[in-house]
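J.: Can you keep this structure in mind? I'll have questions shortly.
The values are calculated or read from the model by the stated rules, or taken from the named source; none is laboratory data. All values reported here derive from a predicted model rather than from experimental measurement. Virtual Cβ from ideal backbone geometry, glycine too; neighbours counted across all protein chains shown.
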Amino acid sequence: MRQKGGTLDESRLRDLLSSELEPRGAHPRFGGNGTRTSDAIVVEALAKRYANGVEAVRGISFRVETGEVYGILGPNGAGKSTTIGMLGTLVRPTAGRATVAGFDVAAGAKDLRRNIGFAMQEAGVDELATGAEFLVLQGRLYGLSRREAARRARLLLGLVGLDAAANQRIGEYSGGMKRRVDLASALIHLPPVLFLDEPTEGLDPRARVAIWETLQRLNAALQMTVVLTTHYMEEADRLCGRIGIIDRGRIISEGTPAELKASVGGQTLSLRYAHDSGPDALARVRNSLLQRSEVHAVVASDGDLSVDVEDAATVAPELLRFLERKGAAPQALSIKQPTLEDVYLRSTGKSFEEEAVRAHHDTNGRESR
Amino acid sequence: MKGASPTWLLTRRTLTQFPRNPIVVGFAVPPVLMMFVVFGTLFASVRHLPGFPTDNYYEYLAPAAVLMTTIPGIANSAVGLATDFQSRYLYKLLTTPASIGAIMLGRLLADSARLFITGGVVLLLALALGGQIATGFAGALLMLLIATLFAMVTFGVLTANLAIKTKDPAAVQAVFPMAFLLVFLTTAYQTQDQVESGLLRAIMDANPTEYVLRAMRDLMLTGYDWDAIGLAFLVILGLGLIGIPLTIRNYRSVYR
């Protein structure tokens, strides 16, 4: 049983680790285990403005319940890493407040750090150390005895599939192995709260799935509170109990993946047009479609039109005939169930990629000035 | 042992990793030892000049060679710091209960131990080449202490700040030659009377390294000159009072 702001019940967790973290009970989506007793994380109007004037986070608020997995989903440059950095005490907030495991991120940073594990966007690992040495040192920095740190290091390395590489220097590890040893190091002290900043960024699909499976297995066993940032929809959908979608430093939608997708409503017909179709032509098609009663909304993005309808299979033939009559038949048509990307598209009117490009240009512009 | 101090844990980490770092192993000590032997042989005839304080040129050269080991040697500490920035391991440490002071001190203590040992190797070589230390073992330790502290407050401070600002090991390595300038512009190889250039003599007088070197040379050749030793520590204290707060302030800026 975890205690707010305190330490973990060591004997229970030791038992879990002794049984090599076998999952306990069915856990289709971690976080929804019914053991929530309080908010592990409370964020109120948290903001960060960097010295160069960039307002990375603009007064965000959210709560994460104990044992929940909360995802911060957004395109690159949306403020995800700054947010998780503030919660992990690496970035100083300029306004607002936040508590993690009962400790204030500013005033109680030292105590807070004892209660969190943090796996970085680019694995923060000691490349001259072996995997085992790295984990043992991490454990000892959290006050574990040498023996206990070594025991947990062995178990965790096995859990993340690195037992064979335990005595190999981390500098010789692949990117995926570094991520996994970083994840293991964030767990060595069995923290009540785990922060994962883009845990699978830059990994190949196989390594990504391996990390997902490890995370699911760990959460099933330890039921710790997890906050992860990602720009991968599938990752958020698969791992998170609740998601906050962040755009330009603000949370624009929040809920379970099912709630968020339901908020888009119905289904989406995706119409693909030729690359040389200009924005004016697409706007004319969009306006035509919006005049039809069965069409709820139309969003143009990257030369595509996303058309929200109630029952796509039924209305698609009629809509196609309508577009042909208008001389605006698409090159291709597909039916999509709503995705988290659709939620973002609906809320902001742009895709993740478009926003990431804009944020990149903004940042470069500021740096060159 | 449970609850070992983070400073000690991080000191041990750095000590354990010295042999794994080719820069530390390959470039810090052998070149200085080689230079000590080569320069000691090339310039040995200087000892015959009137007023030269010793018959054994290696004795004269040894304190400068110790400084040649400690000053560039401390820069390896900054290279390690920049590497930790680059690998983002430093940020990982910042999310642990280890304080920023413990992180800094852990590395510094390990590097001090390394500099003591490498400086000691130079003194042992001087003894092997027929030299003597007038103040014995205690004086040798004091020499190593002065050389290590001076390296920390000069090149250590400079390169640590460079590492914090650039987070780039290559940028730190680029200033290594400056370390040799600090020692070359002193009476490292010959007495001040033997230097013809008035400008060079003036530069020697203005170079704080000279005052540290004089104290160390007295310990090597004559005995305890407490005025010279006091002056050396005063130089170290003065430079430390400027450099250390600056370094701490810059280090705190890693929290963005």
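J.: Only one of A:Pro205, A:Pro279, A:Pro257 is without any contact (Cβ under 8 Å) to a residue 12 or more places away in the chain and over 30 Å from B:Thr96 (Cβ atoms). Can you tell me which?
T.: A:Pro205
J.: Also, quick follow-up: When only residues in segment A:51-62 that are assigned to a loop (DSSP other than H, G, I, E, B) and either within 12 Å of the chain's Cα centre (by Cα) or in contact (Cβ under 8 Å) with a residue 12 or more places away in the chain (or both) count, which is farthest from the other protein chains (Cβ to nearest Cβ)?
T.: A:Gly53
J.: Which of the helices (runs of 4 or more DSSP H) found entirely inside segment A:250-327 contain at least 2 residues meeting this: over 27 Å from the mean Cα position of the chain (by Cα)?
T.: A:279-290, A:312-325
J.: Check segment A:159-179 and report whether any residue there is farther than 25 Å from A:Arg206 by Cα, in a helix (DSSP H, G or I), facing another protein chain (nearest Cβ under 9 Å) and over 25 Å from the mean Cα position of the chain (by Cα).
T.: Scanning segment A:159-179, I find no residue that is farther than 25 Å from A:Arg206 by Cα, in a helix (DSSP H, G or I), facing another protein chain (nearest Cβ under 9 Å) and over 25 Å from the mean Cα position of the chain (by Cα), so the answer is no.
J.: From the list B:Thr148, B:Thr159, B:Thr166, B:Thr154, which residue is surrounded by 22 or more Cβ atoms within 10 Å (Cβ to Cβ), more than 14 Å from chain A (Cβ to nearest Cβ), within 30 Å of A:Val91 (Cβ to Cβ) and among the polar types (S, T, N, Q)?
T.: None of the other options fit; the residue is B:Thr159.
J.: Go through the residues of segment B:25-34 one by one and say whether even a single one is within 14 Å of chain A (Cβ to nearest Cβ), surrounded by fewer than 21 Cβ atoms within 10 Å (Cβ to Cβ) and under 18 Å from the mean Cα position of the chain (by Cα). Step through it out loud before you land on a result.
T.: Within segment B:25-34, the subset within 14 Å of chain A (Cβ to nearest Cβ) is B:25.
Among the residues that remain, those that are also surrounded by fewer than 21 Cβ atoms within 10 Å (Cβ to Cβ) are: B:25.
Then drop every residue that is not under 18 Å from the mean Cα position of the chain (by Cα), which leaves B:25.
Looking through segment B:25-34, at least one residue is within 14 Å of chain A (Cβ to nearest Cβ), surrounded by fewer than 21 Cβ atoms within 10 Å (Cβ to Cβ) and under 18 Å from the mean Cα position of the chain (by Cα).
J.: Could you check segment B:178-204 and list, in sequence order, the residues that are without any contact (Cβ under 8 Å) to a residue 12 or more places away in the chain and more than 17 Å from B:Phe150 (Cα to Cα)?
T.: Answer for segment B:178-204, where residues must be without any contact (Cβ under 8 Å) to a residue 12 or more places away in the chain and more than 17 Å from B:Phe150 (Cα to Cα): B:Val195, B:Glu196, B:Ser197, B:Gly198, B:Leu199, B:Arg201, B:Ala202.
J.: So, one more: Can you find even one residue in segment B:112-123 that is over 11 Å from the mean Cα position of the chain (by Cα), without any contact (Cβ under 8 Å) to a residue 40 or more places away in the chain and more than 14 Å from chain A (Cβ to nearest Cβ)?
T.: Among the residues of segment B:112-123, at least one is over 11 Å from the mean Cα position of the chain (by Cα), without any contact (Cβ under 8 Å) to a residue 40 or more places away in the chain and more than 14 Å from chain A (Cβ to nearest Cβ), which makes the answer yes.
J.: Are any residues in segment A:37-50 in a strand (DSSP E or B) and of a type in the set (S, T, N, Q), and if so, which ones?
T.: Hits for segment A:37-50: nothing passes.
J.: Taking the options A:Asp126, A:Asp182, name whichever one is among the charged types (D, E, K, R) and in contact with a Gly (Cβ under 8 Å, 6 or more places away or on another chain).
T.: Exactly one residue qualifies, and that residue is A:Asp182.
J.: Please count how many residues of segment B:139-166 are in contact with a Phe, Trp or Tyr (Cβ under 9 Å, 6 or more places away or on another chain) and farther than 23 Å from B:Leu181 by Cβ.
T.: Residues meeting the conditions: 4.
Here is a yes/no grid of residues against (1) at negative phi; (2) buried (at least 22 other Cβ atoms within 10 Å of the Cβ); (3) in the same structural domain as A:Glu235 (by TED's automatic domain parsing):
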residue: A:Ile84; (1), (2), (3): yes, yes, yes
residue: A:Ala95; (1), (2), (3): yes, no, yes
residue: A:Ala101; (1), (2), (3): no, yes, yes
residue: A:Asp111; (1), (2), (3): yes, no, yes
residue: A:Ala129; (1), (2), (3): yes, yes, yes
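J.: Wholly within segment A:63-153, which strands (runs of 3 or more DSSP E) include no fewer than the required count, namely at least 1 residues that are within 14 Å of another protein chain (Cβ to nearest Cβ) and under 16 Å from B:Leu93 (Cα atoms)?
T.: A:116-119
J.: Condition check: modelled with pLDDT of 90 or more and surrounded by fewer than 21 Cβ atoms within 10 Å (Cβ to Cβ). Does B:Arg12 satisfy that?
T.: On the way: modelled with pLDDT of 90 or more: yes; surrounded by fewer than 21 Cβ atoms within 10 Å (Cβ to Cβ): yes.
Yes: the conditions hold for B:Arg12.
J.: Considering only segment B:81-101, state which residues are more than 9 Å from chain A (Cβ to nearest Cβ) and buried (at least 20 other Cβ atoms within 10 Å of the Cβ).
T.: The answer is B:Leu81, B:Ala82.
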